[in-house]
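Please read the structure below before turning to the comments.
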Amino acid sequence: MTMTFEQQNRESNKAFAAFKTYLELGAQRSLATVAEQHGKSKTMIERWSRRFDWPARVQAHAAHLAAVERQAIEGLALEKAVEWDKVHEAVKIAEWQRHKKLIALADEMLARWEKNKSKCGTLEGIARVLELATKLARLAAGMPTEVKEVNTTMKATIDVDWEIAIRKAYGQVAPATVTVEPKTETIVDAEEIKP
């Protein structure tokens, strides 16, 4: 299937060559210039332009070039993303391996420390090793390495007419009628009750 800016059925080689010239002129595009360059009358060039809709073909060509450029840019971006993903994956794997080694080292340090507390470092040193191992694990997993507390003060007012909101939600509600029946009580005198 030919594209609109390619040679069309029933379009002669001379007419198509004139169109190509018209297309390649860019911002200085004019039918008179095409007529002059091809040694044809301006009337003939105007006829070809109308018959083969040169303005629409120029627009189609520009749209095609824009689409090709966009695809090239997207392809390049995708290619770079794949490359970076491979780099990131390698770094993640290396960080995860270091994390596992540091956890094993921390376990070994704890075991030595439990056997002889005076000669095997401090709990603070072991805690630092564990902190580093955890940070590497979080980096390898793509998780944040720090949790930051954010204290902000928000001031807002909510002005809601609850009656209007309820009517909108449930429609017009008839006032509720409550019927109260009198309760009869039997009073028993304590002297009447005999054990």
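Please treat every number below as a calculation from the coordinates, not as lab data. Just so it is clear, the structure is predicted and the values come from calculations on it, not from any experiment. Heads up, the Cβs are rebuilt from the backbone with ideal geometry, glycines too, and the neighbour counts pull from every protein chain shown.
Within the stretch 34-126, the trypsin sites (Lys or Arg not before Pro) that combine a DSSP coil assignment with at most 15 other C-beta atoms in a 10 angstrom radius are LYS117, LYS119.
Could you grab the relative contact order for the stretch 2-53? Cα pairs under 8 Å, six or more apart, rounded to a whole percent.
29
Taking a ≥ b ≥ c as the square roots of the eigenvalues of the Cα gyration tensor of the stretch 34-160, is the shape rounded (a/c under 1.5), prolate (a/b larger than b/c) or oblate? Since a/c reaches 1.5 but b/c is at least a/b, the shape of the stretch 34-160 is classed as oblate.
Length available on full extension from ALA17 to TRP84: 0.36 nm per residue minus the Cα-Cα distance, which gives 19.5 nm. Each of TRP84, TRP48, TRP113 was scored by other Cβ atoms within 10 Å of its Cβ. Arranged with the fewest first, they read TRP84, TRP113, TRP48.
For the stretch 79-140, the calculated P(r), taken from all Cα-Cα distances in 10 Å bins from zero up to the bin holding the longest distance, is 24, 36, 22, 12, 6, 1 percent. Only Cα pairs under 8 Å and at least 6 apart count here; give the relative contact order of the stretch 79-140 as a rounded whole percent. Relative contact order here is 48 percent.
Among TYR170, TYR22, the ranking by other beta carbons within 10 Å of each residue's beta carbon, starting with the fewest, stands as TYR170, TYR22.
Since only ALA94, GLY125, ALA104 are under comparison, the one whose Cα sits farthest along the positive direction of the charge dipole of the stretch 79-140, derived from C-beta charges on Lys, Arg, Asp and Glu, is GLY125.
Put in order of Cβ neighbour count within 10 Å, fewest first, the listed residues HIS38, HIS88 become HIS88, HIS38. Within the shell of other residues whose beta carbon sits under 14 angstrom from the beta carbon of ASP85, the net charge comes to 0, with Lys and Arg scored +1 and Asp and Glu -1.
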